[in-house]
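Since every read-out is calculated from the coordinates, none of them should be taken as a lab result. Here the structure is a predicted model, which means the values were calculated and not measured. Cβ placement follows ideal geometry from the backbone for every residue including glycine, while neighbour counts extend to all protein chains displayed.
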Ligand code: NAD
């Protein structure tokens with residue numbers, strides 16, 4: 001059985017770990033590896049190695065840091081296919097989808113290549129007679145990233161290229177369900193010339209996370225995962241005096257107005273709900289059909305959902321792969337049972353799907369539930385599977401109210417031909433990322449990514465300008481170089497400008 005180790009200092013290591021967790025192949029249902037689970041002593045080793053590396057990395061010139069980032073960019077681009085195949089094998093998503101994830105991660109690396117410009121401070125000449133003021137930003141120290149299973153390359157890349165470009169040392173605790181891609185990323189950083197200890201991969205579970213949250217030498221924590229854990233991370237790390245950004249779960253609504261192009265909207269709804277088997281924080285999990293055309297919309301969506309080709313992620317013909325574990329499959333089908341019990345109509349039923357040749361794989365077929373109401377569990381909870389719930393509303397204002405009553409606020413979308421309705425929607429919803437005729441509005445790397453309400457704990461979104469601000473702190477210098485022939489008298493009143 002292959003053992004997936006940590007990456008501490010210059011290479012892969014077991015450190016002091018003895019516990020392991022299974023890593024499954026979701027397409028076959030077989031265990032393909034075991035991953036080490038770090039103990040507090042391993043966390044100590046990782047953090048002290050990172051703290052030592054920080055001392056010199058933080059003093060390395062912007063030019064040298066940028067050279068490493070450009071080299072890393074080239075290596076990730078060259079290994080994109082290999083990364084995508086590792087993702088497909090452990091996560092289950094199809095390779096073409098995994099390639100898209102790598103590409104979106106790469107865009108953050110490209111953003112971070114512009115670090116000399118991004119770190120430029122301000123300068124004000126002669127704010128008072130003979131006095132100048134200027135600002136610059138410094139890195140924080142050792143920063144940790146704790147990431148979810150659903151984007152094993154992209155989500156960590158929202159964090160580490162930015163943190164490292166800013167001069168920090170980064171300790172990544174990836175999901176224990178699909179950890180292998182992070183080890184390849186560590187190798188690529190090393191090949192790019194990043195000094196040992198600046199990027200660390202520490203595999204583990206709650207034990208490792210808690211030790212990171214409590215470690216006095218961890219200055220900041222970036223977390224992406226489910227809402228209950230995000231809330232917990234935010235509380236515990238904040239109580240320990242750390243800077244924290246903790247992105248949580250989602251229930252993303254897509255509103256379809258009667259003036260939308262039905263064919264376009266139903267195509268995009270199905271792709272956004274079923275792509276990556278619905279295991280995306282920006283997946284559309286609730287469709288709000290507005291007005292009298294709801295039945296027509298459900299018919300179009302159902303026909304397209306039934307036509308999705310489900311199969312192993314490595315099969316080029318597959319459009320949707322399995323879900324990540326048997327437990328995830330059972331949780332998802334349990335929700336469909338509950339929706340049916342509570343009165344939803346199962347318009348398309350993905351329960352019990354068997355993929356020939358992959359009978360033991362963790363497959364759930366595309367599922368569409370109609371006549372869902374806000375009191376049902378399938379509407380209230382994040383299912384995180386290929387299940388689209390259709391609710392109905394009379395007009396756009398009722399749809400906006402429905403979205404705003406939901407505790408999550410990650411993403412949302414509207415399909416319409418009306419600019420007036422779209423504008424009312426974009427201004428009215430309490431949600432961080434909004435798509436207009438775009439179902440998965442993931443911001444480009446040079447904007448920041450993040451939700452509102454229970455989808456984010458802490459102030460900062462990730463990457464873009466907020467990422468730079470999160471991984472640095474500002475210094476403002478007020479300076480005076482008095483002329484010896486013009487002495488300036490000291491004064492006892494509070495300094496004011498003259
Ligand atoms: P998860 O919350 O179970 O795990 C995330 C990370 O936290 C993992 O590294 C895991 O090891 C760790 N963890 C799990 N339980 C813990 C505990 N009790 N104490 C300390 N650490 C713990 O999430 P997941 O199932 O891996 O990922 C799916 C979730 O992530 C979904 O809710 C999805 O919406 C969310 N997500 C959100 C975003 C976003 O940008 N808002 C992006 C991707 C995924």
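Laid out as a table, the results:
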{"read-out": "Principal-axis tilt of helix 95-112 within the chain, Cα atoms, nearest 10 degrees", "value": "20"}
{"read-out": "Ordering of 235-241, 93-99 by packing [mean C-beta count within 10 Å, highest first]", "value": "93-99, 235-241"}
{"read-out": "Sequence ranges 113-120, 57-64, ranked by mean other-Cβ count within 10 angstrom, highest first", "value": "113-120, 57-64"}
{"read-out": "Region 278-324: radius of gyration over Cα atoms, expressed as a fraction of 2.2 N^0.38 Å", "value": "1.44"}
{"read-out": "Convex hull (Cα only) mean projected area of the chain, reported in nm² to one decimal", "value": "27.0"}
{"read-out": "Where N is the number of residues in region 39-189, Cα Rg divided by 2.2 N^0.38 Å", "value": "1.21"}
{"read-out": "Peptide ranges 326-337, 311-322 listed from the most packed, as the mean C-beta count within 10 angstrom indicates", "value": "311-322, 326-337"}
{"read-out": "Counting DSSP beta bridges with both ends in region 252-436, the antiparallel % (nearest 5)", "value": "10"}
{"read-out": "Cα-derived Rg over Rh, computed across region 252-436 with Rh taken as Kirkwood radius", "value": "0.96"}
{"read-out": "Hull-based mean projected area of region 418-498, where the convex hull spans the alpha carbons, in square nanometres", "value": "11.1"}
{"read-out": "For region 1-90, the fraction of alpha-carbon pairs in successive 5 Å shells from zero, as %", "value": "3, 11, 13, 16, 17, 18, 14, 6, 2, 1"}
{"read-out": "Residue 14-residue 442 FRET efficiency (beta carbon distance; Förster radius 45 Å; 0.05 resolution)", "value": "0.80"}
{"read-out": "Helical contribution to [θ] at 222 nm, DSSP H n ≥ 4, -39,500 (n - 2.57), averaged over the chain, rounded to 500", "value": "-11500 deg cm²/dmol"}
{"read-out": "C-alpha long axis of helix 40-57 to longest principal axis of the chain, angle in °", "value": "50"}
{"read-out": "Using alpha-carbon coordinates, inclination of helix 419-428 to the longest axis of the chain, degrees", "value": "60"}
